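What follows is one structure encoded as structure tokens, with my remarks underneath.
The values are calculated or read from the model by the stated rules, or taken from the named source; none is laboratory data. In this text the structure is predicted, and so the values were computed from the model without any measurement. Neighbour counts run over all protein chains shown; Cβ positions are idealised from the backbone, glycine included. The area values use the complete protein model at the heavy-atom level, side chains included, leaving out ligands, DNA and RNA. Shrake-Rupley method; radii C 1.70, N 1.55, O 1.52, S 1.80 Å.
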Amino acid sequence: MGSGWPASRSPGPRSTGRAARRRSPQDFPRLNGRFGGKPYRYGYSAAAELYASPSVTEPDRPDEGFSSALLKHDLLAGVTETHEFGRDASAGETVFVPSARAAAEDDGYNLVYVHDRDRGAADLVILAAQDFTGDPLAKIHLPARVPLGLHGSWIPAA
């Protein structure tokens, strides 16, 4: 079970879907808080190498040079799922929210602020953790930018 973030890069272009775990820059590692201090199977992180921005010498990089992604690591199966947010987007730290029924470790939602450079503001994006590569369940447009380094936690109502 999980005890760290070992990974290996899969060959070829990045795509949304399952791939071998990879050794690449990542930030904001998280897990389902119910498993803190216990063996766990799933970990989530932001793919830091996708935060690349345009340069004077390379103003037209391909989408994968600009895009930002969240990663879901299945540490037992040794695979990583990728949810990409597209060109000119940057994702911050995800927060895992267990569903009310919370039967499986990944039964819940990933909440993440995604900065939209075109709007100059952030979206709160909600992903179903068990359908990590699927379309977001919700995208809430916020009126301002949320700093990418903002850390958060989910505290359920008593």
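Could you derive backbone 3J(HN,Hα) for the stretch 136-152 from the dihedral phi with the Karplus parameters 6.51, -1.76 and 1.60 (θ = phi - 60°), listing whole Hz in sequence and x where the residue is Gly or Pro?
x, 6, 7, 9, 9, 6, 9, x, 9, 7, 10, x, 5, x, 5, 9, x
For Arg101 and Val146, compute 0.36 nm times the residue count separating them, minus their Cα-Cα distance, and round to one decimal in nm.
13.2 nm
Counting only protein heavy atoms and a 1.4 Å probe, tell me what percentage of the stretch 76-158's accessible area is made up of carbon and sulfur.
Answer for the stretch 76-158 is 56 percent, counting heavy atoms of protein chains only.
Sorted by packing (mean other beta-carbon atoms within 10 Å per residue), highest first, where do 88-94, 37-43, 98-104 land?
Ranked by mean Cβ neighbours within 10 Å, highest first: 88-94, 37-43, 98-104.
Assuming R0 = 35 Å, what is the FRET efficiency of Ile126 and Ala48, from their Cβ-Cβ distance, to the nearest 0.05?
0.95
Enumerate the calculated ³J(HN,Hα) couplings along the stretch 75-85 in order (Karplus 6.51 cos²θ - 1.76 cosθ + 1.60, θ = phi - 60°), each rounded to whole Hz, writing x wherever the residue is Gly or Pro.
Rounded to whole hertz, the list is 6, 7, 7, x, 10, 10, 9, 10, 10, 8, 9.
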